[in-house]
Structure formats: C-alpha cells, structure tokens
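Notes follow the structure.
The values are calculated or read from the model by the stated rules, or taken from the named source; none is laboratory data. Only a predicted model underlies this, so the values are computations on that prediction, with no experimental measurement involved. So basically every Cβ, Gly included, is an ideal-geometry build from the backbone, and we count neighbours across all protein chains shown.
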Amino acid sequence: MKRVHSWVTYLQVAPLALVFLLFLVVPIATIVVVSFFDYNTTQIIPAFLIQNYEELLFSPVTWQTYLQTVEFAAITWILTLLIGFAVAYFLAFHVRSTTWQMVLFLVCTIPFWTSNVIRMISWIPFLGRNGIANSTLISLGLIKEPLEFLLFSDFAVVLAYVHLYTLFMVVPIFNSMMRIDRSLLEAALDAGASGWQTLRFVIVPLCKPGIAIGSIFVVTIVMGDFVTVRLMSGGQSASVGLMMLNAMSLLQYPAAAANAVVLLLLVLFTVAAMMRLVDIRKEL
C-alpha cells in the first residue's frame, strides 16, 4: 500500500517537475554549456574554453559595469523599501475599512495596467530640458537654468526603477502587516511602548518575511534589467543586462552566456544571503 502511495505522489509531482525541467533547468544548462564555446565574427564554435570567463573577470570595464548595476539595485532597493513600507503601513493600520483598503490597493496597481516602456517614456516630457519639471522650477524662480541631470542620467534610471517596481515591495509587506495580530500592538501600548518603539520592536520584526520577499523581487528584476537603463540614461549608463544585449547584437553569444552565468551566480548569492537572514517560509 505504501508503494502505491509513493507512486501516486510521484505522479502528482511529475507535471510540475517536467515544466520546471524543460523551462528552467534545460535553458540554464544550455547557457552554461554555450558559455564555454568559442566564437568569431560569423559563427559559434563548440569547444570547452575558459577564455570567455577570463576576458569577463579580468576586464576593468566588466567590474565597473557590475558595480554600477549593484549600485542601481541597492539605491532602488532602499527607496522602494522606504516607500513600500510607508504605503503598506498606511493601508494596513490607518485605513480602517477593508473596502477602502482594497480600493486604495487597487489604485496602487493602476500603473501596471500599462506597459513598462510606456510608463518610462512618460517621464521624458516631464524631466526633459524644456519639460514640465524644469519649466515649473524656472517659473517659480528656484533655478535660472534647466537642470541637466533630470533626464538621461543615473537619476532618471533610479527614478524609473522606483516608479516601476515599488509595488513589488508594497504587496508582500502589506500582506505581512495584515497578518499581524492586533492584540500584540495593544499589548505593546499597554506596556508603555511608544509608537516608534512599537514600530521598531513589533511591526518591523513581524514584517521581515514580507520585506525579504519584496527585496528579492526588486533586486533580481533590477539586476537583470536593460531596457530601463537604455531608455532613461540615453546610453550614458551601463548595466550587466545591457552589456549582454550588446554582446548578442554582435553575435558574441558565448561571451553573453558567460556574463549571464556570472550574473546568475551573483543574484543567487544575494537571494541566498537574504534567505539566511529571514525565513520567508513563514510568508508562503
């Protein structure tokens, strides 16, 4: 009877395992294999060389690009965490009506009804040299000349990232906050804790799983992104994803594959570090 039960269990898991194998394991394994191939201007040559990794890891340009990508991810993570936590806190603890909580939560999702590219492009007439922001600041007498850093700069890239991905931080944190037993907050207040102490020692620790999930979403998406950097920096900034895109446009697929493997390892290391700090299984 136990043997039959085990076979039934394997059959139940088989469809998901097959999908996982075909659409995740096989593509990643293919990228790893191709990363050791040789290439020239016209073809990819099957081989087993570490030249692609040597050129990648010993290039100052590569290290600078990775550093800038990590910088984008870190700044975006901090800003989305602060904004996402504040929005989730307001929805969870200051909006008493469940109906209004859902309504305001849906309002936060409205930007996701349009394409990411459209939302990025919408910043251009606002941040441009003769855009709404500069025109308003000049008319108010706050500046004499248009601010050049608002568009086609690192500032524009980070602004677009925060605009695009803050909701990925709001949702899991809000979910964590809604699971907090309100009697714990009342007990903290009865014990003489201030609002700040309650936030620091009760709410934030209980929200760690949601913060970790949101952080994983934001960091992994930003580190693999190339469209935002390309559009919002005007070609003046670089990222690992954009470097891979340029390599593929030159038919340097093995070099791009090696870059993808290194980026994957970096992202996996970052996610593993987050999961070591916080047990996200409590949230799943």
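Summary of computed values
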{"item": "Those residues of the stretch 148-185 which are of a type in the set (Asp, Glu), without any contact (Cβ under 8 Å) to a residue 24 or more places away in the chain and farther than 20 Å from Gln101 by Cβ, in sequence order", "result": "Glu148"}
{"item": "Residue satisfying all of: in the stretch 152-186; among the β-branched types (Val, Ile, Thr) and more than 14 Å from Leu81 (Cα to Cα); surrounded by the fewest Cβ atoms within 10 Å (Cβ to Cβ) among these", "result": "Ile180"}
{"item": "Residue check for Thr76: β-branched (Val, Ile, Thr) and surrounded by 15 or more Cβ atoms within 10 Å (Cβ to Cβ)", "result": "yes"}
{"item": "Long-range neighbours under 7 Å by Cβ, at least six apart or interchain, first residue farther than 20 Å from Pro146 by Cβ and touching a residue at least 12 places away in the same chain (Cβ under 8 Å) within the stretch 111-130, second outside any helix (DSSP H, G or I) and polar (S, T, N, Q)", "result": "none"}
{"item": "Scope the stretch 84-110; condition in contact (Cβ under 8 Å) with a residue 12 or more places away in the chain, surrounded by 15 or more Cβ atoms within 10 Å (Cβ to Cβ) and hydrophobic (A, V, I, L, M, F, W, C); matching residues", "result": "Phe85, Val87, Ala88, Leu91, Ala92, Phe93, Phe105, Cys108"}
{"item": "Segments classed as helices (runs of 4 or more DSSP H), wholly inside the stretch 172-271, with at least 2 members that are closer than 18 Å to Leu91 by Cα", "result": "182-190, 195-198, 208-224"}
{"item": "Options Ala29, Ala47, Ala14: the member that is free of Cβ contacts under 8 Å to residues at least 24 places away in the same chain and part of a loop (DSSP other than H, G, I, E, B)", "result": "Ala47"}
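Every residue, every condition in (1) touching a Pro at 6+ places or on another chain (Cβ under 9 Å); (2) surrounded by fewer than 19 Cβ atoms within 10 Å (Cβ to Cβ); (3) modelled with pLDDT of 90 or more, yes or no:
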| site | (1), (2), (3) |
| --- | --- |
| Ser249 | no, yes, no |
| Asn259 | no, no, yes |
| Leu264 | no, yes, yes |
| Met274 | no, yes, no |
| Leu277 | no, yes, no |
| Arg281 | yes, yes, no |
| Leu284 | yes, yes, no |
